[in-house]
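Visitor: I'd like to ask you about the structure that follows.
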Amino acid sequence: MRIRHVFPAALVLAVVAGAAGPAAHAASASGQLSSVPSATHSKSRQLEVSAAKTESDAYLQYTGYADSVVKDRRPDLAQVWRTVGEVEHQDHWTHEVTLAGLYSGSDNVANLRTAITQAQQAAQADTDWAANAPKDSAAAAELRTVAARETADAGLLKRALTAEQGKGSMPAAPPVHTIPIQVSAGPHYSGSFYNDLTGDSNSALQAAAWNWAEYQFDAKTAVDTGQANLAALFSGLEAQEQYENWAGLSNAAGYVNSDAANLKASIASEQGAITMYTQYAGRAKNAGDTATAAAFLSIRGDEMSHHQTFLRELDAGR
């Protein structure tokens with residue numbers, strides 16, 4: 001179960017440490033940051049990044065659940081999950097990374113530098129989780145496979161950066177082989193290792209979702225700046241994170257279960273989001289960042305509606 005909650009600051013920025021500076025500067029230069037004083041905004045920026053991580057996570061969580069629904073059984077439920085997921089990503093995630101100035105809407109070089117760091121850190125994290133996995137387990141093998149892809153992706157992104165700077169040619173995206181979402185009777189693991197695979201504050205599924213959302217944003221920036229080949233690379237990496245990395249890890253973990261179990265997990269996720277945004281709004285307000293506080297309270301209202309929607313769907317299926 002993935003429950004959104006308040007994260008320690010050390011975990012919030014772990015994936016983007018050392019990488020957000022150039023992109024944040026570029027976003028600031030293009031007017032994308034919140035209009036609060038920089039000293040004040042720096043206090044709430046980690047909250048914006050933390051919240052954004054939960055939103056990309058929620059999108060692939062709900063998309064995975066939707067993909068598991070048998071079409072002739074409850075197509076309405078699949079559509080609910082897809083619709084809520086779109087709000088979590090297109091509205092909430094986009095708003096939060098824009099407030100944080102995490103990625104640039106105009107500077108491909110800055111975005112590539114950030115993407116290289118995120119891919120490298122995700123590869124290292126997956127390697128570490130594989131080392132802690134049960135010996136010879138399917139999850140360990142999948143984590144190593146994903147880490148290898150992410151290492152290769154970092155190499156492609158480095159070549160893209162060189163090309164963007166006028167040296168060499170833009171590499172092509174790797175081929176993507178879609179992995180169908182599997183429904184299991186229950187999780188295949190338990191305890192701290194299952195949390196390593198699926199947890200919200202620092203897990204393999206979250207890392208895949210975080211990279212997926214970044215690549216989609218970067219692809220749009222590349223399109224908007226007339227860099228079609230770079231956009232194709234980012235789009236390919238985006239597809240790889242969703243359809244190979246996230247799906248493969250989900251299947252290895254036994255993450256997607258029955259409709260009822262998935263709805264209960266969704267309800268818990270939304271309740272966690274309500275708690276998180278309540279606390280984050282208070283922290284942002286105390287830091288003097290009223291714009292971020294207001295954004296968090298607005299998003300909390302959406303999460304409350306999502307919570308009620310999932311409750312109704314659970315009752316309808318009984």
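The values are calculated or read from the model by the stated rules, or taken from the named source; none is laboratory data. This one's a predicted model, so the numbers in the text were calculated from it and none came from an experiment. Here Cβ is always computed from backbone atoms with ideal geometry, including for glycine, and neighbour counts include all displayed protein chains. Accessible surface areas use protein heavy atoms only, side chains included; no ligands, DNA or RNA. Shrake-Rupley method; radii C 1.70, N 1.55, O 1.52, S 1.80 Å.
Visitor: List the pairs whose first member sits in segment 72-92 and is in a helix (DSSP H, G or I), whose second member is among the basic types (K, R), and whose Cβ atoms are under 8 Å apart, counting only residues at least 6 apart or on separate chains?
Guide: Every condition considered, the pairs that remain are A78/K71.
Visitor: Looking at D91, is it farther than 21 Å from D200 by Cβ, open to solvent by 20 Å² or more (accessible area, probe 1.4 Å) and more than 13 Å from the chain's Cα centre (by Cα)?
Guide: When the stated conditions are applied, D91 does not pass them.
Visitor: Which members of segment 273-292 meet the condition of being in contact (Cβ under 8 Å) with a residue 40 or more places away in the chain and either acidic (D, E) or open to solvent by 10 Å² or more (accessible area, probe 1.4 Å) (or both)?
Guide: Listed by number, the residues that qualify are T275, Q279, R283, A287, G288, D289, T290, A291.
Visitor: Oh, and also: Report the residue count in segment 218-242 for those that are farther than 21 Å from V146 by Cβ and open to solvent by 10 Å² or more (accessible area, probe 1.4 Å).
Guide: Residues that pass the stated criteria total 9.
Visitor: I'm told R144 meets every condition in (1) free of Cβ contacts under 8 Å to residues at least 40 places away in the same chain; (2) closer than 18 Å to W212 by Cβ except one. Can you identify the failing condition by its number?
Guide: (2)
Visitor: While we're here: Among the residues of segment 193-201, is there at least one that is closer than 24 Å to Q271 by Cα, touching a residue at least 60 places away in the same chain (Cβ under 8 Å) and over 16 Å from the mean Cα position of the chain (by Cα)?
Guide: yes
Visitor: Residues being out of contact with any Leu (no Cβ under 9 Å at 6 or more places or on another chain), crowded, with 18+ Cβ neighbours inside 10 Å and aliphatic (A, V, I, L, M): count how many of those fall in segment 293-316.
Guide: 2
Visitor: Here are the criteria: (1) in contact (Cβ under 8 Å) with a residue 40 or more places away in the chain; (2) within 26 Å of G166 (Cα to Cα); (3) more than 11 Å from the chain's Cα centre (by Cα). Tell me which single one Y215 does not satisfy.
Guide: Answer for Y215: the failing condition is (3).
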